[in-house]
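Heads up: the structure comes next, in structure tokens.
Values quoted throughout were computed directly from the atomic coordinates according to the rules given, and no laboratory measurement underlies them. Predicted, not measured: the structure shown is a model, and the values here were computed from it. Every residue, glycine as well, gets a Cβ built from its backbone with ideal geometry; the counts of neighbours run over all protein chains shown.
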Amino acid sequence: QKEVEQNSGPLSVPEGAIASLNCTYSDRGSQSFFWYRQYSGKSPELIMFIYSNGDKEDGRFTAQLNKASQYVSLLIRDSQPSDSATYLCAPGVGGNMLTFGGGTRLMVKP
Amino acid sequence: ETGVTQTPRHLVMGMTNKKSLKCEQHLGHNAMYWYKQSAKKPLELMFVYNFKEQTENNSVPSRFSPECPNSSHLFLHLHTLQPEDSALYLCASSQGGPPPGGQYFGPGTRLTVL
């Protein structure tokens with residue numbers, strides 16, 4: 001059974017700090033990795049994806065992937081109160097089959 | 001309309017009712033999905049359609065019946081639901097790879113079964 005583990009949180013960081021969100025996955029066949037942000041009462045919004053080991057940066061977001069350790073993370077620099085949301089990790093196996101983690105709730109305090 | 005749209009946004013139905021959820025994607029994608037999101041549980045994949053063909057049925061009870069008449073439209077027909085089926089039902093679409101693209105979600109239908 002495919003498993004995606006995320007600390008449910010809440011992860012509380014002060015405004016301007018770096019928020020680090022972590023995710024581990026069990027399926028070694030996972031080839032693509034997606035991060036979604038979900039505000040309360042809203043649907044998930046795709047914010048980052050990464051396919052290769054290493055880091056990928058997009059604005060204030062950096063995704064990090066280590067396939068050998070089956071570990072993927074999302075760093076948010078200069079965290080803002082508007083970043084307060086639940087962040088979902090979703091590894092994908094072949095085509096577009098994604099398995100979602102339970103999400104980490106992030107709270108950025110002014 | 002842009003992105004992925006879903007109607008209705010809210011639905012209350014009795015256990016003996018029959019209703020349908022509608023999803024439309026305006027992104028030119030070739031795959032569409034139905035997910036269920038219950039409180040305190042991860043997103044659960046229900047059905048996958050690639051080029052109108054169902055490629056995945058994730059052990060969903062037969063009281064949920066999907067329909068995909070073309071690559072832009074997806075329906076979820078509901079009948080004789082149970083109270084535990086109350087949840088947020090999300091539609092998503094994506095473009096096939098390689099590499100695979102991300103899935104883009106609609107706003108969801110909040111379903112309450114009485």
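For this structure, a couple of remarks:
- One residue stands out in the range A:59-69 among those that are of a type in the set (S, T, N, Q) and surrounded by fewer than 14 Cβ atoms within 10 Å (Cβ to Cβ): the one that is farthest from the other protein chains (Cβ to nearest Cβ), namely A:Ser69.
- The set of residues from the range B:97-114 being in contact (Cβ under 8 Å) with a residue 24 or more places away in the chain and surrounded by fewer than 14 Cβ atoms within 10 Å (Cβ to Cβ) comprises B:Thr112, B:Leu114.
- Lone qualifier among A:Lys56, A:Lys42 - being surrounded by fewer than 17 Cβ atoms within 10 Å (Cβ to Cβ), outside any strand (DSSP E or B) and free of Cβ contacts under 8 Å to residues at least 40 places away in the same chain: A:Lys42
- Entirely in the range A:70-110, the strands (runs of 3 or more DSSP E) that have 3 or more residues that are within 13 Å of chain B (Cβ to nearest Cβ): A:85-93
- The residues listed here are B:Val4, B:Val12; of these, the one that is of a type in the set (A, V, I, L, M, F, W, C) and away from every other protein chain (no Cβ under 14 Å) is B:Val12.
- Qualifying residues in the range B:73-97 (those that are within 9 Å of chain A (Cβ to nearest Cβ) and part of a loop (DSSP other than H, G, I, E, B)) - the one farthest from B:Lys18 (Cα to Cα): B:Gly97
- Hits in the range B:19-35 - residues which are buried (at least 19 other Cβ atoms within 10 Å of the Cβ) and outside any strand (DSSP E or B): B:His29
- Of the candidates A:Gly9, A:Gly41, the single residue that is away from every other protein chain (no Cβ under 12 Å) and at positive phi is A:Gly9.
- A:Asn66 polar (S, T, N, Q), without any contact (Cβ under 8 Å) to a residue 40 or more places away in the chain and either closer than 16 Å to A:Ser52 by Cα or in contact with an Asp or Glu (Cβ under 6 Å, 6 or more places away or on another chain) (or both): yes
- Within the range A:28-39, the residues that satisfy the criterion of being crowded, with 22+ Cβ neighbours inside 10 Å and either under 18 Å from B:Glu44 (Cβ atoms) or out of contact with any Gly (no Cβ under 6 Å at 6 or more places or on another chain) (or both) are A:Ser30, A:Phe33, A:Phe34, A:Trp35, A:Tyr36.
- In the set B:Pro100, B:Pro66, B:Pro107, only one residue is outside any strand (DSSP E or B) and under 14 Å from the mean Cα position of the chain (by Cα); that residue is B:Pro107.
- Condition check for B:Thr16: polar (S, T, N, Q), in contact with a Ser or Thr (Cβ under 7 Å, 6 or more places away or on another chain) and touching a residue at least 12 places away in the same chain (Cβ under 8 Å): yes
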